[in-house]
């Protein structure tokens, strides 16, 4: 927050009574969910889930100070779980203030989507990007959601009215006591707790001061009380708890935040829970990943239509660029960075390459053509030029920066470099989806073009950039019939302009149009019983289901119809390991002819498309089997 400590205290005290009430009655929630009403605790409906989450936000906590601070509970969480440091945006996306930071945590998207750019909350886009408690309640109204915060906009604005109980704590002691009481004696499924007084100490004394370290120690003890409240629950042993600790921004050594320095932009995620490796450290986790992680833990799948920027920790995967972190280099020409800082390379990961055949000689070494870099290296090469908006890239990313390259003398001509992908194998599908995170910023003459070449042919233009874009692209490609491979290229040219970043490049290939084929279907008949009215024909049909490539398919559901004497016999079967399927039925003896047709083939992982097996005509007067 950017308010002074006294202003925050007055504002919080004035709003306690207004928000310390349940936002939905227990009876109403029970009616919505179709369940009997559970006894509430102090206005909080009883939860229904074995999986539970506790997210603790420490306002203004600077991770770099943890090594100097007495914070045993935080360090124990780090030892038993995951630690991930990352950087926030800065202006022009938004200043590093609490409104923007906590809204990013709660919604899972960055400020250019949730539209909270300051602490005034002038026009938040909550209808399009609600907080995760609202999404939990929307998915299942029986979920019990609790928010307790010292800074009153946390329970009043950041988390919406669908939240069951929103409490303003007044101060951190009040917040801790109220939250711990509900955790120990109530039954919330999802709890968010906001502690504010570390930020107040940062404003008063700066992150280098003793008062700041003392405030961190106090906040750590309050975190310990909240964790003790969780473990004291009589049902704790049977519950699955995910605990997350994070911050909305950092602080300068002398006090304050809102700018673009590394200490102001720096934030972190500490997480402990099932499936999280103890003592693990990651470089690709952002604060926007907290919301989808909570949702997933509570059993709510994120919908692609939500357009979240965050990804659940369990689904988050490193890309090829991230493998370069261990081989990154120290500065050569970028003398403004601290000595020994590692964060860039021109060596491409396996399968990737950089074509600098059109690049003039000279210029700043680090940015001569496409490079691979980290945010902490690239953005601090020169701050305040929009590089801090590159929040959708993770860990190591590809960057072409004509502005920084031009800061040193070079040969005649403009920056002109092409990043080339590996060759992706295709599978016969008519469409493919190209996706990548990108931040394209213009400050002069420049071009950015994406191409695809099939089977080594002439590159075809897929996308052109000529104005600012900051998004995750998902482009549908029309794949030529018979194409076996595709290679992507990203060409950037510019004259002392701005930059282009690319990350998380993926080519999705859906199932080809014909994965299943019924290779054969034969039938035989035999007469059951004595000739006459009490006899019947037994019909046995045998089929084999294979992929279009000839591999037998196990578990395919095959439906056939036998039409005889005006009757339709519907036959169903499931293929065995060798792809075989068998149908049996009986037909009246008086019927002389029948037709057998395969009508449908289904498999949970394969698509069937194309012609089904042709109709078989059976002469029932000439059985192929033995008479009974």
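Checked against (1) within 30 Å of residue 423 (Cβ to Cβ); (2) at pLDDT 80 or above, residue 578 passes all but condition (1). Screening 575, 595 for residues that are free of Cβ contacts under 8 Å to residues at least 40 places away in the same chain and either loosely packed, with under 15 Cβ neighbours inside 10 Å or on the phi > 0 side of the Ramachandran plot (or both) leaves exactly one candidate, 595. If we keep just the residues of segment 210-244 that are within 19 Å of residue 172 (Cβ to Cβ) and free of Cβ contacts under 8 Å to residues at least 40 places away in the same chain, which is nearest to the chain's Cα centre (by Cα)? So, considering only residues that are within 19 Å of residue 172 (Cβ to Cβ) and free of Cβ contacts under 8 Å to residues at least 40 places away in the same chain, the one nearest to the chain's Cα centre (by Cα) is 215. Against the list (1) in contact with a strand residue (DSSP E or B) (Cβ under 6 Å, 6 or more places away or on another chain); (2) in a loop (DSSP other than H, G, I, E, B), the condition residue 312 fails is (1). Screening segment 1-95 for helices (runs of 4 or more DSSP H) wholly inside it with 1 or more residues that are closer than 25 Å to residue 300 by Cβ and either modelled with pLDDT under 95 or in contact with a helix residue (DSSP H, G or I) (Cβ under 7 Å, 6 or more places away or on another chain) (or both) returns the ranges 5-19, 26-33.
Residues are listed down the side, and each one gets a yes or a no for (1) in a loop (DSSP other than H, G, I, E, B); (2) under 25 Å from residue 77 (Cβ atoms):
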{"residue": "284", "(1), (2)": "yes, yes"}
{"residue": "291", "(1), (2)": "no, yes"}
{"residue": "323", "(1), (2)": "no, no"}
{"residue": "337", "(1), (2)": "yes, no"}
{"residue": "348", "(1), (2)": "yes, no"}
{"residue": "359", "(1), (2)": "yes, no"}
{"residue": "377", "(1), (2)": "no, no"}
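Among the residues of this structure, residue 349 counts as one that is in the same structural domain as residue 500 (by TED's automatic domain parsing), touching a strand residue (DSSP E or B) at 6+ places or on another chain (Cβ under 9 Å) and free of Cβ contacts under 8 Å to residues at least 40 places away in the same chain.
To keep it simple, each residue is scored yes or no on (1) within 19 Å of residue 149 (Cα to Cα); (2) within 17 Å of the chain's Cα centre (by Cα); (3) crowded, with 24+ Cβ neighbours inside 10 Å.
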residue: 90; (1), (2), (3): no, no, yes
residue: 102; (1), (2), (3): yes, no, yes
residue: 118; (1), (2), (3): yes, no, no
residue: 123; (1), (2), (3): no, no, no
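Matching residues to (1) farther than 24 Å from residue 227 by Cα; (2) in a loop (DSSP other than H, G, I, E, B); (3) in contact with a strand residue (DSSP E or B) (Cβ under 9 Å, 6 or more places away or on another chain); (4) not assigned by TED's automatic domain parsing to the domain that holds residue 231:
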{"position": "102", "(1), (2), (3), (4)": "no, no, yes, no"}
{"position": "109", "(1), (2), (3), (4)": "yes, yes, no, no"}
{"position": "120", "(1), (2), (3), (4)": "yes, yes, no, no"}
{"position": "127", "(1), (2), (3), (4)": "yes, yes, no, no"}
{"position": "146", "(1), (2), (3), (4)": "no, no, yes, no"}
{"position": "163", "(1), (2), (3), (4)": "no, yes, yes, no"}
{"position": "173", "(1), (2), (3), (4)": "no, no, no, no"}
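Taken residue by residue, segment 316-330 has at least one member that is free of Cβ contacts under 8 Å to residues at least 24 places away in the same chain, under 30 Å from residue 133 (Cβ atoms) and out of contact with any helix residue (DSSP H, G or I) (no Cβ under 6 Å at 6 or more places or on another chain). Only a single criterion out of (1) more than 25 Å from the chain's Cα centre (by Cα); (2) free of Cβ contacts under 8 Å to residues at least 60 places away in the same chain; (3) under 28 Å from residue 233 (Cβ atoms) is not satisfied by residue 182, namely (2). Only a single item in (1) crowded, with 22+ Cβ neighbours inside 10 Å; (2) part of a loop (DSSP other than H, G, I, E, B) is not met by residue 252, and it is number (1). Taken over segment 255-275, the residue count meeting the criterion of being out of contact with any helix residue (DSSP H, G or I) (no Cβ under 8 Å at 6 or more places or on another chain) and either buried (at least 20 other Cβ atoms within 10 Å of the Cβ) or within 20 Å of residue 397 (Cα to Cα) (or both) is 1. Across segment 486-530, which residue is nearest to residue 391 (Cα to Cα) among those that are at pLDDT below 70 and assigned to a loop (DSSP other than H, G, I, E, B)? Selected residue: 511. Inclusion of residue 369 among residues that are in the same structural domain as residue 400 (by TED's automatic domain parsing) and under 22 Å from residue 503 (Cβ atoms) is warranted.
Scanning for something in the same structural domain as residue 249 (by TED's automatic domain parsing), part of a helix (DSSP H, G or I) and closer than 25 Å to residue 472 by Cβ, does segment 183-199 turn up at least one residue? No, segment 183-199 has no match at all. Quick one: is residue 199 within 16 Å of residue 55 (Cβ to Cβ) and crowded, with 24+ Cβ neighbours inside 10 Å? For residue 199, the condition - within 16 Å of residue 55 (Cβ to Cβ) and crowded, with 24+ Cβ neighbours inside 10 Å - is not met.
The values are calculated or read from the model by the stated rules, or taken from the named source; none is laboratory data. Because the structure is a prediction, the values reported are computed rather than measured. Quick reminder, even Gly has a Cβ in these numbers, built from the backbone with ideal geometry, and neighbours come from all protein chains shown.
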